[in-house]
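A short worksheet on the structure shown next.
The values are calculated or read from the model by the stated rules, or taken from the named source; none is laboratory data. Note that the coordinates shown come from a computational prediction; the quantities given were computed from them, not determined experimentally. Here the Cβ positions follow ideal geometry from the backbone for every residue, glycine too, while neighbour counts run over all protein chains shown.
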Amino acid sequence: MIAELGAFALALALALSILQTGLSAAGRARRSPVLAGAAQGAALAAAGAIALSFAALIYAFVVSDFSVSNVAANSHTDKPMLYKVAGAWGSHEGSLLLWCLVLTVFGGALARARGLPFGLKASAVATQGALGSLFLAFAVFTSSPFTRLDPAPFQGASLNPLLQDPALAVHPPLLYAGYVGFSVCFSLAVAALIEGRAQTAFWPAWGRWVRPWALASWAFLTVGITLGSFWAYYELGWGGWWFWDPVENASFMPWLAGAALLHSAVVTERRGALAGWTVFLALLAFTFSMLGAFLVRSGVLTSVHAFAVDPQRGLMLLAILGIAAGAAFVLFAWRAPQLKGGGMFAPVSREGALVLNNLFLTAAAATVLLGTLYPLILEAASGATISVGPPYFAATFTPLMMVAFIILPAGPLLAWKRGDLPGAMQRLAVAAGLAIVSALAAYALWEPKKALAAAGIGLGAWLILGSLAEVAERARLFRASAAETLRRLKGLPLGAWGMTLAHLGLGVFILGAVVETGFKAETARALSLGQSVSAGPWTVTLDEVRVVEGPNYLAEQGRLTVRPSDDRGRASTVTAERRFFPAGGQTTTEVGLDFRGLDDVYVVIGERAGSPQQPAWVVRLYWNPWARLIFLGPMIMALGGVLSLMDRRLRVGVGPRRRKTA
Amino acid sequence: MRRLAILMAAPVLALMLTAAEPPAAPDRPLPDATQEARAQALFKDVRCVVCQHEAIADSPAGVAGDMRRLIREEIAAGASDQAVRDDLVRRFGDYVLFTPPVRAGTWLLWFGPFALVLLAITVLMLRARRRPVEAALLTPEEENRLDEVLRNEKLRRDLDATSPHDGR
């Protein structure tokens, strides 16, 4: 009964979304606030209906209603409650419902947004409704999670055990909040093109309206990707955190486009310039989100994470992508030449720096796109199969980004319109000097000597110190009295702190990524009880292996002692497991992680080897120096995004309920 | 009751845990440390041909173990890194390396990103030269219109609030 209610609510949401589109478009055409208001009501009702539908699905999972085929395929009575709930978005159908939920909730928030001019808002609500209609139709007609099974099985097939993990339980909702949040930027961009305001005065206001949505989506996406990466790091037991896997790339492309959008929207807001380009990026970010949905769900790419390998549904998603993005970009091509550029600026200026930022971020996104799709295109065109992996991105993406990072700290120190480059460089001299010293020190002190890694450390330090130098400059540190500096620090808008944190977080991430990649060590050995293995400065001894019973798995659990090889420092104990899930017949690894300052000592226990008289287990030991920073950095960046979002100047144009609903 | 069943199942479990994947012969590192380091570096660039998007360095699959052994043997026999790569490509095709080959069909892949940046910079420089660099402000009429648009937001427009030159 509950499942039927869910299916009904889903269909109702589709009807409401279509209604929302029609009413809002009619309201716009007839300039009727009544019709437009009704459309906003429909948008809120659609969000409510999907929320009800989603609640029904979660209920079916919580009570293990195996007569619902989606529950039977993805749940099991022995599963812990958290994973029963998370199972609701563990499959193609459930995650699509989550996608629709986020889409309509953002649509509802857009409908409640205040301060937008009538025409723009009506067009945006209509566009958002059209997007909702497309995805909801796809959900209702091909991917309803509420289809029944008769007879119902007594037990479910359980969720893929790899997904039974706290980080992965919350990863999809955050990731989708980011992906789909860009839909509002998309709708606002389409609306701006429809309204076709040629006046320059329109664009600063539009930039201000679009920026909070871009900021919120980007911050969500940052946290979502980081959690996913952290999950891959400690759950897959391979010692790495990013492998340029197509699905990783699929989430990274909207992130890059969104980051470019954030910066470009600042120029549009402040100076009315780059309007066409900002609109383009707003369209691009959500197009990349839709492309990601297609790549992950169609099975055209082989990936560790790909799910729902179904060409038929993939084709329909491609059609949705084609319709939505196609229509938007045709509109763009038609209207963009009429968009009047705003304020002029000299090449050396804040605007100029932000244009460079956009250039590099867009080129980086294009590189990721090329690397992800090229094997597909080449195979279709010539039949040749190639693999594009980490070495390709290290040779293309990394140098592009490095150039961007070298320029980055100068940007915030340049004035709008016409900047003073020698002045900015002078203010950054201390930061640059310290960064060079840290690179040289890293080269001199760390074995083995690696010039590239040392340069990377210098770059990370440059970003961190450069961001701090900018704050110091604004506070007139050491040049004014301490009281004056403090007063100035307090007076800085939250948006400025947000920017500083985001750039600083990027530097922290780079330090972690460079040191981890450059200096990590790994060893694998078959160990009997009492034997040891060493990697880097750490030695691990296998103390005990026993069979333990989890709620829905059995495991061989190894207890190991981690201590410094030179015996200076404390020893600690970690447990690593190899779990067997009878429900699906799969085996997973639980990594033993010992946090040592910024470093991780990472232990994986493998299959049993050795003779029955003297059993042994293959133990893989990784020393991942500074790995903590890899996940800390993006969190700082996301925090920067949240701070900017809370800035007084951005709180306009969005309803007061926005943050609650998002 | 369930605990008892588990206890009885333990020997079966031990079997299952080992039987879930065919136990690959444990890796035997090369005695020469430099050769082993070369092998490890190669493992990161070689795709496990039965896995999804995984290097043989990370894959637990049996085939990946076989490929690692093959590479170690070749290195021990004195083959250069390039010879090992060529041999792998001969056996498995270009697909086996995560570094795509540079040839006519992949020029766009390899040089596209840089060409894009160069093109964009060229366009920007040409435009900058054509345009007057004079910084035109909004006309007073446009200012008024912007204020009007933003009025219902109860906002004071803070022009260039983040400029480093403010408050001097």
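All of (1) at the interface with chain B (Cβ under 9 Å from one of its Cβ atoms); (2) more than 25 Å from A:L511 (Cα to Cα); (3) not acidic (D, E) hold for A:L400 with one exception: (2).
When A:V279, A:V247 are checked against the criterion of being closer than 20 Å to A:A336 by Cβ and assigned to a helix (DSSP H, G or I), A:V279 stands alone in meeting it. Of all residues in segment A:589-632, those satisfying the criterion of being surrounded by fewer than 19 Cβ atoms within 10 Å (Cβ to Cβ) and at positive phi are A:G597, A:G610. Here A:A415 fulfils each of the conditions (1) of a type in the set (A, V, I, L, M, F, W, C); (2) modelled with pLDDT of 95 or more; (3) not in a helix (DSSP H, G or I) apart from (2).
Residues that are closer than 30 Å to A:T587 by Cα, part of a helix (DSSP H, G or I), within 14 Å of chain B (Cβ to nearest Cβ) and of a type in the set (A, V, I, L, M) are absent from segment A:199-208.
From the list A:A137, A:A214, A:A169, A:A177, the lone residue that is in contact with a Cys (Cβ under 6 Å, 6 or more places away or on another chain) and part of a helix (DSSP H, G or I) is A:A214.
Do you know which of the residues in segment B:70-104 that are buried (at least 17 other Cβ atoms within 10 Å of the Cβ) and without any contact (Cβ under 8 Å) to a residue 40 or more places away in the chain is farthest from the other protein chains (Cβ to nearest Cβ)? Going through the qualifying residues, I end up with B:E74. Please verify whether A:E577 is over 17 Å from A:P537 (Cβ atoms), buried (at least 19 other Cβ atoms within 10 Å of the Cβ) and in contact with a helix residue (DSSP H, G or I) (Cβ under 9 Å, 6 or more places away or on another chain), treating the condition exactly as stated. Criteria not met by A:E577. Counting only strands (runs of 3 or more DSSP E) wholly contained in segment A:581-639, the ones carrying 3 or more residues that are within 14 Å of another protein chain (Cβ to nearest Cβ) occupy A:586-590, A:599-610, A:615-624.
Identify, please: which residue in segment A:579-613 is closer than 21 Å to A:G550 by Cβ and among the β-branched types (V, I, T) and is, among those, farthest from the chain's Cα centre (by Cα)? Only one residue fits best here, namely A:I605. Within segment B:40-69, residues that are free of Cβ contacts under 8 Å to residues at least 40 places away in the same chain and over 16 Å from A:P246 (Cα atoms) sit with their Cβ atoms under 7 Å from residues that are aromatic (F, W, Y) and buried (at least 22 other Cβ atoms within 10 Å of the Cβ), at 6+ positions apart or across chains, in these pairs: B:D58/A:W238.
Within segment B:32-58, the residues that satisfy the criterion of being facing chain A (nearest Cβ under 10 Å), in a loop (DSSP other than H, G, I, E, B) and not aliphatic (A, V, I, L, M) are B:K44, B:D45, B:C51, B:Q52, B:H53, B:E54, B:D58. Do the conditions hold for A:G536, that is, is it modelled with pLDDT under 90, away from chain B (no Cβ under 13 Å) and either over 34 Å from the mean Cα position of the chain (by Cα) or more than 30 Å from A:G585 (Cβ to Cβ) (or both)? So A:G536 fits the description; yes.
So that you can scan it fast, the table gives a plain yes or no per residue for (1) over 24 Å from A:G633 (Cβ atoms); (2) within 11 Å of chain B (Cβ to nearest Cβ):
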site	(1), (2)
A:W446	no, no
A:A455	no, no
A:A480	yes, yes
A:A483	yes, no
A:L486	yes, no
A:L494	no, no
A:M499	no, yes
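Within segment A:333-365, track down each residue that is closer than 19 Å to A:L256 by Cβ and of a type in the set (F, W, Y).
If the condition is that a residue be closer than 19 Å to A:L256 by Cβ and of a type in the set (F, W, Y), then A:F360 is the only one that fits.
Looking at this structure, is A:L281 modelled with pLDDT of 90 or more and not acidic (D, E)? For A:L281, the condition - modelled with pLDDT of 90 or more and not acidic (D, E) - is met. Every listed requirement among (1) surrounded by 20 or more Cβ atoms within 10 Å (Cβ to Cβ); (2) under 28 Å from B:A104 (Cβ atoms); (3) within 8 Å of chain B (Cβ to nearest Cβ) is met by A:L414 save one, (2). Note on segment A:554-563: among residues that are out of contact with any helix residue (DSSP H, G or I) (no Cβ under 7 Å at 6 or more places or on another chain) and within 14 Å of chain B (Cβ to nearest Cβ), the one that is surrounded by the fewest Cβ atoms within 10 Å (Cβ to Cβ) is A:Q557. Return the residues of segment A:373-396 that are of a type in the set (F, W, Y) and either more than 7 Å from chain B (Cβ to nearest Cβ) or farther than 15 Å from A:V300 by Cα (or both); say none if nothing qualifies. Residues satisfying the conditions are A:Y392, A:F393. Identify, by number, the condition in (1) touching a residue at least 24 places away in the same chain (Cβ under 8 Å); (2) within 14 Å of chain B (Cβ to nearest Cβ); (3) out of contact with any Asp or Glu (no Cβ under 7 Å at 6 or more places or on another chain) that A:D566 doesn't meet. Looking at each condition in turn, A:D566 falls short on (2).
Check A:A109, A:A130 and return the single one that is small (G, A, S) and out of contact with any Lys or Arg (no Cβ under 8 Å at 6 or more places or on another chain).
A:A130
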